[in-house]
Amino acid sequence: MNATLTLPHPPSPPADASVARIPGNKGIWVGIFCELTEFGLMFLVYFIARAHHPEAFSAGAARLSLAAGTANTVFMLSSSYAIARALSAIRRDEQRACLRWLGAALVLGLGYPVVKFFEVQWNIAQGIDGSAGIFFTTYYYLTFNHLVHVSWGILGLLWVMARTRMGAYSAADYQGLEALGCYWHATDLIWLAIFPLFYVLH
Amino acid sequence: MTPDKRLTRTWLVLLALTLGGGFLGESHYGGIVLAVAAALLVAVKSRLVIVHFLELNQAHPRIRRVVGTYFAAMPALMVLTALAGPQIVRWTSLGG
């Protein structure tokens, strides 16, 4: 009796490996998708509340500081740009330039909580706290949550700076640095959506 | 154009669009006109960040689709809320 042993074919590699590339690593994308889900739910609450209370939302934006919102957008975008330049530098194996760009990203990123601090002080002086109405309740809830995510990003930046200083990243391996970059850009994207909702639409 | 120059150009365009958003916030426009203009700004700015900073054009299609759809839905919801507020109220009210 003849027995034939057949082995399963190994899985074929993707036709174009670059198309299936995961920037950073899988773990950071689980975190980013959780962040998008969390803010997605809050955005839904915002839109439903806006539909139910159009007058409150129309009047609310004029009472917030557009200058603070614009400054924070500039800080977030500029910090994101600096991280993109840090990634570009490490791809050329330029560790010192990478560290300088990460330092710039940190300083610019720290501008966000500083502006937020003065903005909240200014709000409270105008009598705008979390109980000032539905618009301001959603504003504090969404923007404070975003501030928490920015804080995680700043801690991540410090970690990645320390690792870069220790020579952990190179043109051959910069996965951790790219993962932090992905998180920071995603947090920037969320702010780009928050900004018009509270500071522009009136 | 070098990748660094492309990044710098993208950043400058993003800053210019942000100032445009600030101008919209100060403008006398309101209602659907303001909602469409603000939504367009969000759509363009988020697309620039997704393509040039996050580099998702070279990423796994699932990541690209999820992030792309999310930041296309956001501006769409801004316009939808301005256009169909009463309808959204009907859909999201309990009881009659």
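Values as computed for the structure displayed
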read-out: Output for region A:182-202, where each listed residue is within 7 Å of chain B (Cβ to nearest Cβ) and either touching a residue at least 40 places away in the same chain (Cβ under 8 Å) or over 20 Å from B:Ala76 (Cβ atoms) (or both); value: A:Cys182, A:His185, A:Asp188, A:Leu192, A:Ala193, A:Phe195, A:Tyr199, A:Val200, A:Leu201, A:His202
read-out: Checking A:Gly111 against (1) more than 20 Å from B:Pro75 (Cβ to Cβ); (2) over 20 Å from the mean Cα position of the chain (by Cα); (3) at pLDDT 95 or above, the condition it does not meet; value: (2)
read-out: Leading residue by the ranking (surrounded by the fewest Cβ atoms within 10 Å (Cβ to Cβ)) among those in region A:36-58 that are among the hydrophobic types (A, V, I, L, M, F, W, C) and touching a residue at least 24 places away in the same chain (Cβ under 8 Å); value: A:Val45
read-out: Residue, surrounded by the most Cβ atoms within 10 Å (Cβ to Cβ), within region B:54-72, restricted to residues that are charged (D, E, K, R) and more than 7 Å from chain A (Cβ to nearest Cβ); value: B:Arg64
read-out: Subset of region A:92-130 [within 30 Å of B:Thr2 (Cα to Cα) and either acidic (Asp, Glu) or outside any helix (DSSP H, G or I) (or both)]; value: A:Arg92, A:Asp93, A:Glu94
read-out: Test: residue in region B:32-53 that is free of Cβ contacts under 8 Å to residues at least 24 places away in the same chain, facing another protein chain (nearest Cβ under 8 Å) and either surrounded by fewer than 18 Cβ atoms within 10 Å (Cβ to Cβ) or small (Gly, Ala, Ser) (or both); value: no
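This table checks each residue for (1) charged (D, E, K, R); (2) buried (at least 23 other Cβ atoms within 10 Å of the Cβ); (3) at the interface with another protein chain (Cβ under 10 Å from one of its Cβ atoms).
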position: A:Ala61; (1), (2), (3): no, no, yes
position: A:Ala68; (1), (2), (3): no, no, no
position: A:Met76; (1), (2), (3): no, yes, yes
position: A:Ala104; (1), (2), (3): no, no, no
position: A:Gly109; (1), (2), (3): no, yes, no
position: A:Pro113; (1), (2), (3): no, no, no
position: A:Phe117; (1), (2), (3): no, no, no
position: A:Gly127; (1), (2), (3): no, no, no
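The values are calculated or read from the model by the stated rules, or taken from the named source; none is laboratory data. Treat the numbers as computed from the prediction; the structure is a model and nothing was measured. Every residue, glycine as well, gets a Cβ built from its backbone with ideal geometry; the counts of neighbours run over all protein chains shown.
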